[in-house]
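Shown next, in structure tokens, is the structure this report addresses.
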Amino acid sequence: MVLGVTNLLSTLLQIYVFILFVRLLLSWFPHPPEWARPIYSFLYVVTEPLLRLVRPLVPPLRMGATAMDLSPIIVFVVLEILIRILQAQGL
């Protein structure tokens, strides 16, 4: 029973990491075509709550007139650690 739960949680976290990665890639294209807007909205709604929790903890990295949001990197690292822990529990 525990093995099934840890595998399920690990898989769900891996899916979330993939969704977050897609959102970050698509963020380079700020004006999506009309047909892609529902996809962008879905990705935003699913990933923004976790990123919003981390943003106050990590200030943006200033690079001249622009700033780089480091919160996705922190979220990726934490999620990968959780995935590794869950996978180790499943062994």
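Tell me which of 60, 39, 72 sits at the most positive position along the dipole axis of segment 2-90, charges placed on C-beta atoms (Lys, Arg +1; Asp, Glu -1).
The listed residue farthest towards the positive side: 60.
What does the charge count near residue 49 come to, summing +1 for each Lys or Arg and -1 for each Asp or Glu among other residues with Cβ under 13 Å from its Cβ?
On the way: positive: 23, 52, 55; negative: 48.
It works out to a net charge of +2.
Would you calculate, for the chain, the mean residue ellipticity at 222 nm contributed by helices, counting each DSSP H stretch of 4 or more residues as -39,500 (n - 2.57) and dividing by all residues, to the nearest 500? Mind showing how you got there, number by number?
On the way: 3 runs with 63 residues, N = 91.
Rounded to the nearest 500, the figure is -24000 deg cm²/dmol.
Scan [x] 1.14; [y] 1.06; [z] 0.96 for the value of Rg/Rh (Cα atoms, Kirkwood Rh) calculated from this model and give just the label.
Read-out taken from this structure: [y].
Subtract the Cα-Cα distance of residue 85 and residue 18 from 0.36 nm times their separation in residues, and report this length gain in nm to one decimal. List each step's numbers first, then the result.
Details: separation 67, 0.36 × 67 = 24.12 nm, distance 1.82 nm.
Difference between extended and current length: 22.3 nm.
How much net charge surrounds residue 73 when only the other residues with a Cβ under 14 Å from the Cβ of residue 73 are counted, with Lys and Arg +1 and Asp and Glu -1? Please list the in-between numbers first.
Working: positive: 23, 55; negative: 69, 80.
My count for the surroundings of residue 73 gives 0.
Scan the chain and note any complete DSSP helix (H) whose C-alpha atoms cover at least 27 Å along its axis and whose Kyte-Doolittle average is 1.0 or more.
Values: long enough: 2-26 (36 Å, 2.01); 71-90 (28 Å, 1.66).
For the chain, where a helix must reach 27 Å along its axis and average at least 1.0, the hits are 2-26, 71-90.
Read-outs throughout are calculated quantities, based only on the coordinates presented, and are distinct from any laboratory measurement. All values reported here derive from a predicted model rather than from experimental measurement. Every residue, glycine as well, gets a Cβ built from its backbone with ideal geometry; the counts of neighbours run over all protein chains shown.
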